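J.: Handing you this structure, nothing more for now.
The values are calculated or read from the model by the stated rules, or taken from the named source; none is laboratory data. If you're wondering where the values come from, they're calculated on a predicted model, not measured in any experiment. Reconstructed Cβ throughout: ideal geometry from the backbone, glycine too, with neighbour counts over all protein chains shown. Note: areas computed on protein heavy atoms with side chains; ligands, DNA, RNA excluded. Shrake-Rupley method; radii C 1.70, N 1.55, O 1.52, S 1.80 Å.
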Amino acid sequence: MNPFTWRLAVVLFAMLTAALPTGAGQDPVAGAMKARLDTLQSAGTLEIGGARIVARDILSAVYAERGFRPIWTNDVRIQELLDLIAAAPADGLDSADYFLTELQAQIAKAEASNAAPDQADLDILLTESLLRFGYHQLFGKVNPTALDADINFTRRFLGDREPEVAIPEIIASPVPLQQQLDDSVHRSPVYRTLQRHLSDYRRIADAGGWPRVAAGATLRKGDDDPRVVSLRERLIVTGDLPAGSDTRSSTFDEALEAAVIGFQARHALEPDGVVGKQSYEAMNVPVETRIDQLRLSLERLRWVRGDRAERFIAANIAGYRVFFVSDNRLVWISRAMVGKAYRQTPVFRGSLSYLEINPTWTVPPTILKQDVLPAIQRDPAYLKTRNMSVIDRQGRQVDPATIDWQSLEGGFPYAIRQEPGPKNALGEIKFIFPNEHAVFLHDTPNRSLFARPERAFSSGCIRVENPFALAELILNDPAKWDQSALLKVRDSRLTERITTPKLPVLILYLTASVQADGQARFLKDVYQRDAAVLKALNGKVVITPV
């Protein structure tokens with residue numbers, strides 16, 4: 001029986017037993033519980049002390065399975081839940097989503113009255129709170145596919161157990177709730193570091209934030225300017241300038257230059273130590289905005305909890321970086337280029353299948369139509385200078401001189417293929433994880449662009465600065481495929497495909513990240529995606545079936 005059918009059967013059982021003399025008829029609390037859940041089923045909604053219950057089918061199934069008897073019979077377990085949801089802000093979540101205030105009021109009410117309806121309401125409210133909290137910890141509060149249909153991260157509930165079965169087991173377990181949570185979610189070091197930075201930036205906000213640095217002429221080492229004082233004060237708040245540094249001097253000295261360079265590096269700016277327009281803007285972003293960026297990254301990392309493995313590849317679009325994780329440790333970082341704003345790299349997961357050294361490149365239809373064909377019409381030598389061939393539908397090369405490039409009416413019946421070589425658009429190696437977007441990782445001949453702080457230059461694929469180092473890590477076979485062996489194949493100029501381990505590839509979008517030294521790194525929202533996720537994160541709770 002599939003999960004939906006099973007859930008429906010349990011709910012129908014609850015409805016059909018309404019008139020039967022079960023435990024619901026013998027136990028006043030169970031009877032009150034059943035009456036409340038019948039209201040939830042018939043009306044589609046239920047409020048308890050101002051708290052709106054949303055998990056209609058799951059709650060009905062949970063309690064029907066146990067004859068509507070209460071689950072929360074252990075005061076210690078109740079306090080554990082209250083402690084967990086009180087600490088929800090550490091994850092960038094809101095304790096109000098789990099009814100912290102309403103639960104405290106309902107506990108007091110049930111203790112004072114000892115009435116069956118109040119006891120039943122408390123039990124239902126506790127279960128709804130645990131369900132909401134656990135759901136958000138496992139999958140995130142926001143359902144990413146509701147915002148972006150391309151996102152396909154895995155959503156599995158505790159080893160594919162049914163929530164109706166797992167929830168009573170969690171509550172009855174002798175293992176504390178905090179330990180059960182830790183055992184289930186396995187937070188990464190990056191997640192834990194972002195939590196620490198969230199706490200730090202909230203303390204900054206509580207202390208009044210940071211002073212504004214007045215915009216004006218560019219400031220650099222050697223300048224004497226009253227704004228240097230506020231610049232010093234600003235950089236001390238975020239630790240870029242050491243605490244205790246003299247803030248009174250208006251002279252831009254070497255220590256201040258080093259602090260500016262550190263700030264610029266943490267904000268993906270050109271680390272030149274010169275305070276110009278972009279540096280002023282980054283310094284004057286409100287602390288509340290940085291807090292929201294940290295919350296968003298924690299949420300987006302919860303989305304991919306089920307797709308991580310001991311070894312995987314990840315790319316952060318907003319950070320222009322590619323990462324390799326092995327044995328649950330970050331072992332490699334490389335700069336990357338991503339899609340232009342009008343050819344955005346999608347957020348999704350894939351599974352690495354193979355890599356290819358000295359690849360050919362068949363021009364995709366969109367790029368062919370919008371870029372390559374117009375370029376050929378402008379420059380008859382375009383194909384030759386780029387080592388490109390015209391290929392017919394049988395895979396045969398066609399002499400470009402036989403084609404009337406100026407009048408391509410009725411479509412273009414050929415493909416354009418770039419042959420292997422240092423000028424190939426894919427560079428000298430590519431990494432394929434089959435997907436509907438035709439997006440993959442690859443090398444590039446335009447290596448000078450990696451020096452730019454903002455690198456949205458591609459047509460959607462991800463260009464990697466040190467691809468052969470990545471290949472060596474992926475293959476993990478030093479006896480056969482060390483760096484020299486890979487480069488030997490490259491130097492042959494012959495195309496060779498190498499099957500790889502089936503590693504997860506996670507394409508992410510994090511506008512707050514962590515540097516190699518553990519410092520917080522804030523990035524531009526290059527594709528303008530943060531606002532929609534933040535609105536959903538701050539919005540009402542919606543429990544989407546897993």
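J.: Out of all the residues in the stretch 204-215, is one or more outside any loop (DSSP other than H, G, I, E, B) and hydrophobic (A, V, I, L, M, F, W, C)? I'd like the intermediate steps shown before the answer.
T.: Taking the stretch 204-215 first, the residues outside any loop (DSSP other than H, G, I, E, B) are 204-206.
Now restrict to residues that are hydrophobic (A, V, I, L, M, F, W, C): 204-205.
There is at least one residue in the stretch 204-215 that is outside any loop (DSSP other than H, G, I, E, B) and hydrophobic (A, V, I, L, M, F, W, C).
J.: Just give me the residues in the stretch 409-426 being surrounded by 15 or more Cβ atoms within 10 Å (Cβ to Cβ) and without any contact (Cβ under 8 Å) to a residue 60 or more places away in the chain, in sequence order.
T.: Our first condition is that a residue be surrounded by 15 or more Cβ atoms within 10 Å (Cβ to Cβ); within the stretch 409-426, this holds for 412, 414-420, 424-426.
Passing the criteria: PHE412, TYR414, ALA415, ILE416, ARG417, GLN418, GLU419.
J.: Now, a different point. Which of the numbered conditions does PHE263 fail, given that it passes all the others? Conditions: (1) outside any loop (DSSP other than H, G, I, E, B); (2) over 30 Å from SER184 (Cα atoms); (3) in contact (Cβ under 8 Å) with a residue 40 or more places away in the chain.
T.: Exception for PHE263: condition (3).
J.: I need a count of the residues in the stretch 353-370 that are over 21 Å from PRO422 (Cα atoms) and in contact with a strand residue (DSSP E or B) (Cβ under 6 Å, 6 or more places away or on another chain). Let's see the steps before the verdict.
T.: Here is the first cut: in the stretch 353-370, the residues over 21 Å from PRO422 (Cα atoms) are 353, 365-366, 369-370.
Then keep just the ones that are in contact with a strand residue (DSSP E or B) (Cβ under 6 Å, 6 or more places away or on another chain); that gives 353.
The total comes to 1.
J.: While we're looking at this one, here's another question. Can you pull out every residue in the stretch 319-343 that is closer than 29 Å to LEU383 by Cβ, surrounded by fewer than 20 Cβ atoms within 10 Å (Cβ to Cβ) and out of contact with any helix residue (DSSP H, G or I) (no Cβ under 9 Å at 6 or more places or on another chain)?
T.: Across the stretch 319-343, the qualifying residues are LYS340, ALA341, TYR342.
J.: Please verify whether ARG248 is open to solvent by 60 Å² or more (accessible area, probe 1.4 Å), part of a loop (DSSP other than H, G, I, E, B) and in contact (Cβ under 8 Å) with a residue 24 or more places away in the chain, treating the condition exactly as stated.
T.: Working: open to solvent by 60 Å² or more (accessible area, probe 1.4 Å): yes; part of a loop (DSSP other than H, G, I, E, B): yes; in contact (Cβ under 8 Å) with a residue 24 or more places away in the chain: no.
Criteria not met by ARG248.
J.: Can you pull out the residues in the stretch 301-321 that are in contact with a Gly (Cβ under 7 Å, 6 or more places away or on another chain) and either at pLDDT below 95 or among the charged types (D, E, K, R) (or both)? Working first, answer last.
T.: Here is the first cut: in the stretch 301-321, the residues in contact with a Gly (Cβ under 7 Å, 6 or more places away or on another chain) are 302-303.
Within the stretch 301-321, ARG302 is the sole residue that qualifies.
J.: Name the strands (runs of 3 or more DSSP E) wholly inside the stretch 430-546 in which the number of residues that are closer than 30 Å to PHE139 by Cβ and touching a residue at least 60 places away in the same chain (Cβ under 8 Å) is 3 or more. Reasoning before the result, please.
T.: Details: elements: 456-458, 462-464, 496-499, 504-508, 512-514, 520-522.
So the answer is 504-508, 512-514, 520-522.
J.: Assigned to a loop (DSSP other than H, G, I, E, B) and over 40 Å from the mean Cα position of the chain (by Cα): does that describe PRO413? Give the derivation first.
T.: Numbers: assigned to a loop (DSSP other than H, G, I, E, B): yes; over 40 Å from the mean Cα position of the chain (by Cα): yes.
In short, yes.
J.: Moving on. Give me the pairs, please: first residue somewhere in the stretch 313-328 and closer than 18 Å to LEU294 by Cα, second residue anywhere and polar (S, T, N, Q) and assigned to a strand (DSSP E or B), beta-carbon distance under 9 Å, and either six or more positions apart or on two chains.
T.: So the pair list comes out as ASN316/SER513; ALA318/SER513; GLY319/SER513; ARG321/SER334; ARG321/SER513.
J.: Considering the stretch 270-279 alone, what residues qualify as being open to solvent by 10 Å² or more (accessible area, probe 1.4 Å) and part of a helix (DSSP H, G or I)?
T.: Taking the stretch 270-279 first, the residues open to solvent by 10 Å² or more (accessible area, probe 1.4 Å) are 270-272, 274, 276-278.
Across the stretch 270-279, the qualifying residues are LYS277, GLN278.
J.: Considering each of PRO364, PRO400 in turn, give the residue that is under 30 Å from the mean Cα position of the chain (by Cα) and open to solvent by 30 Å² or more (accessible area, probe 1.4 Å).
T.: Working: PRO400 fails: under 30 Å from the mean Cα position of the chain (by Cα).
Matching residue, one of PRO364, PRO400: PRO364.
J.: Go through the stretch 304-377 and tell me which strands (runs of 3 or more DSSP E), entirely inside it, have 1 or more residues that are of a type in the set (Val, Ile, Thr).
T.: Numbers: elements: 312-316, 321-326, 329-339, 348-351, 354-357.
Once the strands (runs of 3 or more DSSP E) in the stretch 304-377 are filtered for at least 1 residues that are of a type in the set (Val, Ile, Thr), what remains is 312-316, 321-326, 329-339, 354-357.
J.: Return the total of residues in the stretch 198-209 being open to solvent by 40 Å² or more (accessible area, probe 1.4 Å) and either of a type outside the set (A, V, I, L, M, F, W, C) or under 29 Å from the mean Cα position of the chain (by Cα) (or both).
T.: 6
To keep it simple, each residue is scored yes or no on (1) open to solvent by 20 Å² or more (accessible area, probe 1.4 Å); (2) closer than 30 Å to HIS267 by Cα; (3) acidic (Asp, Glu).
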residue: ARG463; (1), (2), (3): yes, yes, no
residue: PRO467; (1), (2), (3): no, yes, no
residue: LEU470; (1), (2), (3): no, yes, no
residue: ALA479; (1), (2), (3): yes, no, no
residue: LEU487; (1), (2), (3): yes, no, no
residue: SER492; (1), (2), (3): yes, no, no
residue: THR511; (1), (2), (3): no, yes, no
residue: VAL514; (1), (2), (3): yes, yes, no
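J.: So, restricting to helices (runs of 4 or more DSSP H) that lie completely within the stretch 81-186, which ones have at least 2 residues that are in contact (Cβ under 8 Å) with a residue 12 or more places away in the chain, open to solvent by 10 Å² or more (accessible area, probe 1.4 Å) and closer than 21 Å to ARG69 by Cα? Before you say what the answer is, go through the steps one by one.
T.: On the way: elements: 100-113, 116-139, 144-147, 163-172, 177-185.
Counting at least 2 such residues, we get 100-113, 116-139, 163-172.
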